[in-house]
Amino acid sequence: MRLTRKELLGGAAAGALGAAGIYELVDKLTDSPQRAELFERPAEQHLLAGMKVVEHEGVEVIEPPLHHQVVTAKLRVEPRRRDLLEAQGTLERALGDLESRYAITPAGLAVTAAWGLPYFRRFVPALADGHLPIDRRASESADRPTSALLGATRFPSDPGDTVLEDNDVVFLLRSDHRTNVADGARRLFESTAGMLELTSIRKGFQGGGFHGGPGLPKAMATAAGIQGAELIPDGAQLFLGFTSTQRHTQGQSRIANFETLGLVDVREGYFRGGTHMHLSHLFENVEAWYLDFDFRERVDTTFRPRLEAREGSQTLEQAPEDAVFQPDLEGDFRRFGTIGHSASIQPTSRLAMDIRGADGELYRKGNAIPQRADFNTLDNPFFWTADPDRDRQGEQPEAGLHFISFNPSSDDFRRNRLAMDGFLPDGKRLPVPNRSRAQGLNSVLRTTHRQNFLVPPRRHRSFPLAELL
Ligand code: HEM
C-alpha cells in the first residue's frame, strides 16, 4: 500500500512540525534502547552525553538516537541591535526551557542550533569579519585568509539541479523518543513564533535493529511500499544494509571542534567549542542497490575492493590501523579500476599522524575526524517545504538520507566529499566517471539539496555575535 503525501502530512508548517504521518509507525516498531540517565550539559552543541557503544557482529558500534528532525528557517527580525538582542533572549529562553525539561541525551532530547552564511552577512557582517574562525590549511592553499565557514558548492557527482540553500538558521533535534522530538519542536517554534520563517521540515530515523527485529529502515521502507524494501536485510542500521557508526569510523570526543586539531584559528575564542556542519539530502535507489549489486559488490562499493567480509555481514571493523591512505587507494584503483565509498574518503577523513589536541587528548594516527549524524528518511525530499516548486516536493514517500557531518571546517568537509568522487588530497584525480559503478555508492545516490552551517558553542548558540553589536 503506497501512502499519498496527504496521508503523510497533517497540514501547514505549524501542523507539519508536530504531525507524525508515517513516522508515527516508528514507535510501534521498536523499543528505545536502555540508557543511563545523565544530566551533563556539554559545552559543545553537537556532542550528546549518554551515547552508548554496543557490540554488533563483534564490532564496537556507537548507537545514535533513533529519531531525527531538521528544521530550516530564515529570520523575520530587523537587522537592528535592539531587535536582535530581543530575539536572542527569546530563542535562548526557549532552548533553555527545553534543557530544563529534557536531558541532553538520546533518552532525552538534544537540540543543535547552527547558522548559515546569510545570517552572518546580513545581521552581523562586521563582527563576523572579526570573529569567524579562519581555516589555516585552506588559507595556505588559497594564499589568502579563508573562513572556516564557506558557501556550499556542487560536487562533480552532484546533478546540475542540486539546490544550494541559503537558510539563516537550522535546528537539529535528536532523541530515542519521537514524542520528545515532536514536543521539543512544538515548544521551540511556538515560543519563537513570528521570529522565524520556516523553510523546511525534515524527518527521519536510523537503527533500532542492533538488538534484534527488522530495524527501522526495513520496517519503515516496507510500511511505505518502497521498491526493494523486502531486500533490505533485517536489523540493518541504514537502507543500504551496512552499519556506518562503528566506533572507529566516527570522530572521537572533541576532534571535530574548530580548535582541537589546530586546523582552524578561533582568533579571540568566541567560537571555541564550536564546529562546522554540512547538511544535504540524497535520494537512494534501494532496488537498484540490491538487484544490480551482489553482496560482494556491495562490500567492494561501500568499503574497499576485495575487503574480507562474511556473506551477509552488516558491520565491518574499520580500525585506525586499517585506515586507507592515498598510496593504498591508488593501488586499489590500478588493480580493480574502482573505489569504495569509505576507502576513497579515508585519506581525507583519517588522521595521517598522532596529534595532541588543544583539549590535551592524544588523537592517534588513523583516527576518524568527521562526526556524522546522518539518518534515513521517506521525505520526498522534505516532510514539509515552504517552496514545493523549488524543492520539487513529491507526493509519494521516497527512500533517502538526510546527511549531516560535523567537521572542523567547510574545506575539511569539501575534501571528504571530493574524495568520494575520486579527487585525492594532493589534487590528483582518479578517472572514475561520475555516478558510475566504479565511483563507490554514487551510482545509487542523487543529491538534491546542500548547505554549510556554523555550530556555535552552547554559550553563543542564539543569534551569535548579536550581543557584541
Ligand atoms: C546514502 C548515502 C550514504 C551511505 C549509505 C553511507 C554509508 C556509509 C557507511 C556504511 C560507512 C561506513 C563504512 C566504513 O565503515 O568504512 C560510511 C562512512 C563514511 N561516510 Fe558515508 N554514506 C553515505 C553518504 C556519505 C556522504 C555524502 C559523505 C560525505 C562526505 C559520507 C562520508 C562518510 C565518511 C567521512 C565516512 C567515514 C570514513 C572513515 O572511515 O573515516 N558518506 N558511509
**Request:** Return the residue satisfying two criteria in turn: it lies in the range 199-209 and is more than 14 Å from the ligand (Cβ to nearest atom) and in a loop (DSSP other than H, G, I, E, B), and of such residues it is nearest to Arg392 (Cα to Cα).
**Result:** Gly208
**Fill in**
Only one of Gln252, Gln237, Gln227, Gln206 is touching an Asp or Glu at 6+ places or on another chain (Cβ under 7 Å) and not small (Gly, Ala, Ser), namely Gln227
**Prompt:** Which of the residues that make up the range 406-445 are in a strand (DSSP E or B), surrounded by fewer than 24 Cβ atoms within 10 Å (Cβ to Cβ) and near the ligand (Cβ under 10 Å from one of its atoms)?
**Reply:** Leu445
**Prompt:** Does Ser313 count as farther than 21 Å from Ser349 by Cβ, open to solvent by less than 50 Å² (accessible area, probe 1.4 Å) and assigned to a loop (DSSP other than H, G, I, E, B)?
**Reply:** yes
**Message:** assigned to a helix (DSSP H, G or I), buried (at least 20 other Cβ atoms within 10 Å of the Cβ) and touching a helix residue (DSSP H, G or I) at 6+ places or on another chain (Cβ under 6 Å): is that true of Ala219 in this structure?
**Reply:** yes
**Asked** Going through the range 227-255 one residue at a time, which ones are within 16 Å of the ligand (Cβ to nearest atom), crowded, with 23+ Cβ neighbours inside 10 Å and more than 23 Å from His56 (Cα to Cα)?
**Response** Ile255
**Search result, residues across the range 140-199 that are hydrophobic (A, V, I, L, M, F, W, C) and open to solvent by 60 Å² or more (accessible area, probe 1.4 Å)** = Leu164, Ala193
**Complete:** Asp332 vs (1) open to solvent by less than 40 Å² (accessible area, probe 1.4 Å); (2) in a loop (DSSP other than H, G, I, E, B); (3) within 16 Å of the ligand (Cβ to nearest atom); (4) in contact with a helix residue (DSSP H, G or I) (Cβ under 9 Å, 6 or more places away or on another chain): all pass except (2)
**Prompt:** Consider Arg390 against the criteria (1) within 9 Å of the ligand (Cβ to nearest atom); (2) touching a residue at least 40 places away in the same chain (Cβ under 8 Å): it satisfies all of them except one. Which criterion is unmet?
**Reply:** (1)
**Message:** Just checking, does the range 451-458 include any residue being away from the ligand (no atom under 14 Å from the Cβ) and assigned to a helix (DSSP H, G or I)?
**Reply:** yes
**Item:** Answer from Phe271, Phe258, Phe293, Phe283 - the residue that is within 25 Å of the chain's Cα centre (by Cα), within 13 Å of the ligand (Cβ to nearest atom) and of a type in the set (A, V, I, L, M, F, W, C)
**Value:** Phe283
**Scan of the range 344-379 for residues that are part of a strand (DSSP E or B), of a type outside the set (S, T, N, Q) and either within 9 Å of the ligand (Cβ to nearest atom) or open to solvent by less than 20 Å² (accessible area, probe 1.4 Å) (or both), ordered by number** = Arg350, Tyr363, Ala368, Arg372, Phe375
**Members of the range 280-297 found to be surrounded by fewer than 13 Cβ atoms within 10 Å (Cβ to Cβ) and touching a residue at least 40 places away in the same chain (Cβ under 8 Å), listed by number** = Leu291
**Item:** Within the range 250-285, considering residues that are outside any loop (DSSP other than H, G, I, E, B) and in contact with a helix residue (DSSP H, G or I) (Cβ under 7 Å, 6 or more places away or on another chain), the one farthest from Ala43 (Cα to Cα)
**Value:** Glu284
**Request:** Name the helices (runs of 4 or more DSSP H) wholly inside the range 102-192 in which the number of residues that are closer than 27 Å to Arg390 by Cα is 3 or more.
**Result:** 117-123, 178-191
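The values are calculated or read from the model by the stated rules, or taken from the named source; none is laboratory data. Please read these numbers as outputs of a predicted model, since none were measured by experiment. No Cβ is skipped: glycine too gets one built from the backbone with ideal geometry, and neighbour counts run over all protein chains shown. Heads up: the accessible areas ignore ligands, DNA and RNA and are worked out on the full protein's heavy atoms, side chains in. Shrake-Rupley method; radii C 1.70, N 1.55, O 1.52, S 1.80 Å.
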